[in-house]
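A short write-up of the structure that comes next.
The values are calculated or read from the model by the stated rules, or taken from the named source; none is laboratory data. Computed from a predicted structure; not experimentally measured. Glycine gets a Cβ as well: all are built from the backbone with ideal geometry, and neighbour counts include every protein chain shown.
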Amino acid sequence: MSQTDSWWLYMLECRGGGIYVGIAKDVEKRFKVHESGRGSLFTKINTPIQIIAKVKVGSHGDAIRVERAMKKLTPYEKRQWCNALGTDGRDIPISSMF
């Protein structure tokens with residue numbers, strides 16, 4: 001799978017302390033969309049501050065599955081994942097995430 005075919009899971013720190021979880025092929029471009037208030041209702045209300053984690057997850061189907069699982073976590077659990085994943089864009093096998 002080429003770099004442009006890969007999907008990424010990302011987490012954004014937002015004003016008010018919230019963490020937004022999303023998927024994209026280009027995380028930095030998607031972050032700019034969120035910053036402009038056009039990315040999602042959550043980030044329109046809770047302005048994103050920074051990307052706090054991103055990880056390459058492979059196919060679109062894999063990305064959707066991981067995103068759904070991550071969105072079910074508590075804010076504390078999401079922060080733990082952010083600390084583990086970081087923003088260096090590692091390629092972590094899905095099976096090792098859950």
Q) Does K56 fit the bill of being surrounded by fewer than 20 Cβ atoms within 10 Å (Cβ to Cβ) and at pLDDT 95 or above? A) no
Q: Hey, can you tell me all the residues within the stretch 54-76 that are among the charged types (D, E, K, R), in a helix (DSSP H, G or I) and in contact with a strand residue (DSSP E or B) (Cβ under 8 Å, 6 or more places away or on another chain)?
A: D62, E67, K71
Q) Any idea how many residues of the stretch 10-50 are touching a Ser or Thr at 6+ places or on another chain (Cβ under 6 Å) and in contact (Cβ under 8 Å) with a residue 24 or more places away in the chain? A) 2
(Q) Any residue that is part of a strand (DSSP E or B), modelled with pLDDT of 90 or more, of a type in the set (F, W, Y) and within 20 Å of L73 (Cβ to Cβ) - is there at least one of those in the stretch 18-31? (A) yes
Q: Would you mention how many residues in the stretch 60-79 are surrounded by 13 or more Cβ atoms within 10 Å (Cβ to Cβ) and in contact with a helix residue (DSSP H, G or I) (Cβ under 8 Å, 6 or more places away or on another chain)?
A: 6
Q. Out of the stretch 32-53, which residues are crowded, with 20+ Cβ neighbours inside 10 Å and not in a strand (DSSP E or B)?
A. H34, T43
